[in-house]
1. Quick one: how many residues across region 41-66 are over 14 Å from residue 78 (Cβ atoms) and within 13 Å of the chain's Cα centre (by Cα)?
2. Can you confirm whether region 10-21 contains a residue that is touching a strand residue (DSSP E or B) at 6+ places or on another chain (Cβ under 6 Å) and under 25 Å from residue 121 (Cβ atoms)?
């Protein structure tokens, strides 16, 4: 496994973005403190998962994924099932997402791009 990024979930587990070198595919895994993999997401037939350099998690356990190759932001539920593509490559103007920061109080998602490409801000949820 080649890890990309990890964040702690509200339940005390860890959401890890990594490249599975044996299967040659990117995955998002939920791992407990003992290192046991609890569940995984590797995309679907219609939406294969590309390079995932960054993830963010909200207080409900929803997971935001920056998919660098497809140029979109995915939203998974707390069970790592795909809810939807929340921001696509057209919204990002073909910039490739590298970093994410979700501000739950404002419902804003900050997306960082390659060096020199700046940051975009999207209102994704209103609470």
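Every read-out reported here was derived from the displayed coordinates using simple, explicitly stated rules and does not represent laboratory data. Bear in mind that the values here come from a model prediction, so they are computed numbers and not experimental data. Backbone-built Cβ (ideal geometry, glycine too); neighbour counts: all protein chains shown.
1. Step one: filter region 41-66 for residues over 14 Å from residue 78 (Cβ atoms), giving 42-54, 66.
Subset that is within 13 Å of the chain's Cα centre (by Cα): 42-43, 49-54, 66.
The qualifying residues number 9.
2. The answer is yes, given that some residue of region 10-21 is touching a strand residue (DSSP E or B) at 6+ places or on another chain (Cβ under 6 Å) and under 25 Å from residue 121 (Cβ atoms).
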